[in-house]
Every structure is written in structure tokens, then in C-alpha cells.
Amino acid sequence: MGRVIKVISLKHFFVLSMALNVSLILRAINQDNRAPMAVQKGINAAQMTFLSFPLLSSPTAATPATQPLGQNGRERVINLDHGDPTMYEKYWKQMGDKATIVIPGWQSMSYFSDVKNLCWFLEPEFATQIVRVHKVVGNALTEGRHIVVGTGSSQLFSAALYALAPQDASNPISVVSAAPYYSCYPLMTDSIKSGLHKWAGDAKVFNKDEPYIELVTSPNNPDGFVRHSMVNRTGGILVHDLAYYWPQYTPISSPADNDLTLFTVSKITGHAGMRIGWALVKDVEVAKRMTKFIELNTIGVSKDSQIRAAKVLEVVSDSCEQAGGSEHVESFFHFSHALMTERWRMLRDAVKRSGIFSLPEFSSAHCNFFDNNLGSQPAFAWLKCDGDDVDDCESFLRRHKILTRGGKHFGVSPKYVRISMMDREETYDLFIQRLSQIRS
């Protein structure tokens, strides 16, 4: 009898141990799979999870596209407010290790990259690849320009305002841009309250007889149209933001020939996490002041990011020069242009099926890069809610669990919203499906 009791006790202990382990495992899985919640009027917060920007602590955070959508993804919140260019992941996965680099532990330890260069923290190889990719694409002149590298084009924007604003003026210089303008321009202009510059609104209505800085974004963020200076008076200084002047978004009609032009890696290749941009600056004194601003702000720019960005741009240029060969079946820009073409086709079909929205129409132009007449297919869609019963398109779409950025942030009517076209395929497909089913 004692032996029987001992055996039964061991069996019971084993079963109990297994049950506890299973319980702990299930609890860990449930803990890891939690997603961020959004709280908004009229929607149960416990039912709302984001397709984009999951918890960084989640093991699936790096690959949200693998998460199940559930029943047609009806309870998912689609976040297309940000221009996070994750659609390019597919291309770079296909490239395998072509853009892979190894940085030894002893490399990039010094603050300095090239003490002989005006921008002393600019990595020489990155500068070489910048010049090369502009020559390959034909979208900007680099001869007679100084290259200033920055932590994304946002830092370069601030550096440009610092460099161009008069240092001895009694009043801050006005900064303007034609509406709809990039939503962050007013915030970045006034954020540090420097006294050197101030946001003065829509360039189309600016009529003060005083110096000014005009920001020209072309193609424009948010509406995608090609832009030129709008203020018709003397005393102005132009800053051209050409983040989207690349073949996948707009026809390349001629190389940009400006005094100060901003570019960023994020919108060319999709590598937003590198936080790298550059300015092409004609005036040496302006370039020096921009460099000084970045020196004071961050004591230079990450060498590791520059080295990686140089490799990525090298692969892009190689793909263009070697397209059709064994190493590169098609160029990066052919791949991304085809992707944007398909996404815009899907969006226009969805808008047509819904019947309550409208989109801008773009005229075609000759693209020197593709040697063909092509239309624009911007990185953002500028969507309008046409119905008289919808005054705030951002709020209207939010009720359908689609997060966008409303027109009021861009200086225009709230009947407009900006929608990112650059998210992962799963997110974008769900967005198209849901938009096409919306009725007033």
C-alpha cells in the first residue's frame, strides 16, 4: 500500500508541475503579444490595437506584418499619420548582404572625419556616394556646392535657418511656406524661440516689406505637387526641401540648381532609422554657419550612420548602372516606382468605389531618368472628404480606425487629410480594403 501511495504521489506531483509550467508559458505569451492601445471617443480602447508602431518590448515588434489580422482586421487601427517608409523592406531583404557592413570596434572613435573639409564630421565615402547618386539620377547639381551632413533633414532645416537669419537684426526674420505646407515647419521654426527667426505662415499671402526666408518643398509634402517660390518680392532667401525629388515619386525633369537644397536618406531608400540627411550649399559662409550649428547642437553626426548610408547609396547607384545583370535584375528606382504605381492605382480604385472622397490629379511630364512621360505618385496621398456632412476628415476617418494627419496641421481646411503611402504591404492592403467600404 505504501508503494502505491508513493507512486501516486509522484504522478500527481509530475502532473501538477506540468500544469504550472504550461500556465507560466501561456502567461508569458499573452504578456508579449500585448499591443499598444489607443483611446478615442466612441471606441472601446480594449478593442483597438495598432498595425504600426507596436511595443518595442514585444518579440514581434520588428515584424508586425506577421501578426494575424483577425476577422478582416476590423478591430485594427491603421496608423498612416507618419511617413514611416517601411514598404522598402521587401527590396532590401531581396538584396541579401549587398548593403551589409561590418564596423570594427576600433573604427569611428574620433569626433573628426576629415579635418581638411569645411564640414569636418562628413565621412569622405558618404560624400562620394552622395555625388554619385545625384549624378546617376540627375536630380541635383553637386559641382560648386559644399555638402553638409545632418541628423536627418530636420536638423539641417534648423541649421539652415540659423545660418541664413541675420545675426544683428532687431527683429527675427519671417519664415514662410505656401499652404498646404509641411506640418512640422511652424513647430521647428518656433520651437527654440531663438529670436533669430519666426514662423509667418502662408507664403501666398505674405506681403510684409521686410527680409524673409521661403521654404520651397518640391514635390510638396503633403499634396505632392511640384512647387516654386510664391513670394513675389525682393529680399527673400530660398531654402529648397527636395526630400521627395526622386524617380519613384515624381518625374525628374532637370537637375536642381539652387543655393541651398535639403535631402534625406529616409525618403530615398526607406532607411529612416539611420537619421541621415545632407544639404547642398552654394555659399561657403552659409555652409560654415550650418556646420557650426550642428557642431553646437550635436558635435557632429554619427559616423556609423554615415558609413552605413554610404553603403546603401552605393547599392542604389550600382543597381541603376548594372540593371539587367546578374547582380541587379532591376534598379532600385524601377522597383520602387512600380510599387508606388500599384499603390496609387489601388488607392484611386478604392476612392472611386467609396464615392465620398477625392484625390489630386497630376499632369504627366518627361522623366529624364526613365526617359518616358510619367505622372507623379507622391509618398503621401492628399485625400479630401467631399461630403457636406463631413467637416473634419481626420476625425471622420478616425471613427473608422484610420489615423491620418488633418489639413489644419498644414494650414488648410480640415476637410483634407494626409495619408502615408509608404507603410508595409499588409497595413496598406488593409487600409485600401477599409477605405473602399466607407460610406457617408
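The values are calculated or read from the model by the stated rules, or taken from the named source; none is laboratory data. This is a predicted model, so every value here is computed, not measured. Ideal geometry is used to build each Cβ from the backbone, glycine not excepted, and the neighbour counts take in all protein chains shown. Surface accessibility is based on the protein's heavy atoms, side chains included, excluding ligands, DNA and RNA. Shrake-Rupley method; radii C 1.70, N 1.55, O 1.52, S 1.80 Å.
Structural remarks
- Whole-percent carbon and sulfur share, accessible surface of region 92-140, 1.4 Å: 58
- Dipole of region 313-439, positive direction: furthest Cα of VAL412, LEU339, ASN368, with charges on the beta-carbon: VAL412
- Per residue, the Cα convex hull of region 109-320 amounts to 119 Å³.
- Placed amide H near THR217: partners under 5 Å, 5+ positions off or other chain: ASP241
- Here the Karplus curve 6.51 cos²θ - 1.76 cosθ + 1.60, taken at θ = phi - 60°, turns the phi angles of region 218-234 into couplings of 8, x, 6, 9, x, 8, x, 7, 5, 10, 9, 4, 10, 7, 9, 7, 7 Hz, with x standing for Gly and Pro.
- The share of alpha-carbon pairs in region 358-416 lying farther apart than 14 Å comes to 63%.
- Mean Cβ count within 10 Å, highest first, over the residues of peptides 359-365, 274-280, 200-206: 274-280, 200-206, 359-365
- Other-chain or far-sequence residues with amide H under 5 Å of THR264's (modelled H): TRP278
- Between region 161-218 and region 86-148, the Cα center-to-center distance that results, in Å: 30
- Heavy-atom accessible area ranking, 1.4 Å probe, most first, across ARG353, ARG289, ARG308, ARG424: ARG353, ARG308, ARG289, ARG424
- Gyration tensor (alpha-carbon) shape descriptor, region 294-425, a/c threshold 1.5: oblate
- Its residue count N sets the reference 2.2 N^0.38 Å, and the alpha-carbon radius of gyration of region 74-161 equals 1.47 times that reference.
- Listed values for region 246-260 are Karplus-derived 3J(HN,Hα) couplings in whole Hz (6.51 cos²θ - 1.76 cosθ + 1.60, θ = phi - 60°), namely 9, x, 6, 9, 7, x, 8, 8, 6, x, 5, 10, 10, 6, 8, and x replaces Gly and Pro.
- Convex hull projection area averaged over all views, region 287-342, Cα basis, nm²: 6.0
- Chain lengthening between GLU330 and ILE103 when straightened (0.36 nm per residue, less Cα-Cα): 78.9 nm
- Derived scalar couplings between HN and Hα for region 278-293 equal 8, 10, 9, 10, 7, 7, 5, 5, 5, 4, 5, 5, 5, 4, 5, 4 Hz in order, rounded to whole Hz, by the Karplus curve 6.51 cos²θ - 1.76 cosθ + 1.60 (θ = phi - 60°), x for Gly and Pro.
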